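The values are calculated or read from the model by the stated rules, or taken from the named source; none is laboratory data. In this text the structure is predicted, and so the values were computed from the model without any measurement. Reconstructed Cβ throughout: ideal geometry from the backbone, glycine too, with neighbour counts over all protein chains shown.
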Amino acid sequence: MSVIERMLGRDPDDAADSNGLVLAPMRKRDLKDGVLDTEEHAYPTPWSTRVFQSEIEQARTGSRYYLTARRRSGGGRGRVSGPSIGHAGLWFTGDEAHVTNVAVHPDARRTGVARTLMVALADEAIRRECVAWTLEVRVSSTGAHELYHRFGFVPAGVRKRYYDNVEDAIVMWCHDILDDDYARRLDALRENR
Ligand SMILES: CC(C)(COP(=O)(O)OP(=O)(O)OC[C@H]1O[C@@H](n2cnc3c(N)ncnc32)[C@H](O)[C@@H]1OP(=O)(O)O)[C@@H](O)C(=O)NCCC(=O)NCCS
């Protein structure tokens, strides 16, 4: 392990350190260490262990990208501690990225965890030269609408009864993410401006 890796207190594949959080690629052992707990608190129909395992396997082939977020103990440069408190993922199709999941544990909400994860997802989509990203969101998830609006997503349509054949999904798109304007938007979001 390098000095930096020791500071992070984690494996060399740790991805980023931002907002007092350590973001890292999701691994199967994270599922019982916070991911499934957050997932169950976040959605009426949470993803199962099997779905996550399949997504993590597909991340190895490059068609998916999943991150977890953990806090540091003592803040600053302290070691990573505790379970995952948030996770998020992308599915890459052609030159577009599809947000598959963004979930934050209720105890950790409104502290910038989802914003930090979304910035990291955007960075990865841009690194892979995606020109746009998209997602579906429940009509009732008003907090998520506000989050996605800040990232430049705009409603583009409705999928009727998309969730459990009951609730509609709003389809949102955000285009031109390789442009300088979008880089400036992301820089503002990094600093929560
Ligand atoms: C939506 C969700 C991911 C937000 O996570 P979070 O970590 O609390 O969000 P952040 O703290 O990063 O919020 C960033 C910004 O998004 C907006 N936002 C987030 N939650 C909001 C809420 N409940 N009400 C209004 N605005 C909200 C705000 O602009 C916020 O900035 P601010 O706190 O400085 O005002 C979280 O509430 C969650 O897991 N919900 C259940 C699962 C879900 O709906 N996922 C999205 C569907 S795909």
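Please work out which residue is nearest to Leu121 (Cα to Cα), limiting yourself to the stretch 1-46 and to residues that are among the polar types (S, T, N, Q) and at pLDDT below 95. Ranking the qualifying residues of the stretch 1-46, first place goes to Ser18. What about Asp180, is it more than 23 Å from Asp37 (Cα to Cα), free of Cβ contacts under 8 Å to residues at least 12 places away in the same chain and not hydroxyl-bearing (Ser, Thr, Tyr)? Taking the combined requirement at face value, the residue satisfies it. With respect to (1) within 22 Å of Pro46 (Cβ to Cβ); (2) in contact with a Phe, Trp or Tyr (Cβ under 8 Å, 6 or more places away or on another chain); (3) more than 8 Å from the ligand (Cβ to nearest atom), the lone exception for Asp176 is condition (1).
A count restricted to the stretch 21-74 and to residues that are of a type in the set (Ser, Thr, Tyr) and surrounded by fewer than 21 Cβ atoms within 10 Å (Cβ to Cβ) stands at 8. Here are the criteria: (1) assigned to a helix (DSSP H, G or I); (2) more than 15 Å from the chain's Cα centre (by Cα); (3) buried (at least 17 other Cβ atoms within 10 Å of the Cβ). Tell me which single one Ile177 does not satisfy. Result: Ile177 fails condition (1) only.
Do we have any residue at all in the stretch 132-146 that's within 19 Å of Val102 (Cα to Cα), away from the ligand (no atom under 16 Å from the Cβ) and over 15 Å from the mean Cα position of the chain (by Cα)? Within the stretch 132-146, one or more residues are within 19 Å of Val102 (Cα to Cα), away from the ligand (no atom under 16 Å from the Cβ) and over 15 Å from the mean Cα position of the chain (by Cα). Residues in the stretch 156-171 that are more than 18 Å from Ala122 (Cα to Cα) and either in a strand (DSSP E or B) or hydroxyl-bearing (Ser, Thr, Tyr) (or both): Ala156, Gly157, Val158, Arg159, Lys160, Arg161, Tyr162, Tyr163, Glu167, Asp168, Ala169, Ile170.
Counting the residues of the stretch 91-118 that are in a strand (DSSP E or B), within 7 Å of the ligand (Cβ to nearest atom) and polar (S, T, N, Q) gives 1.
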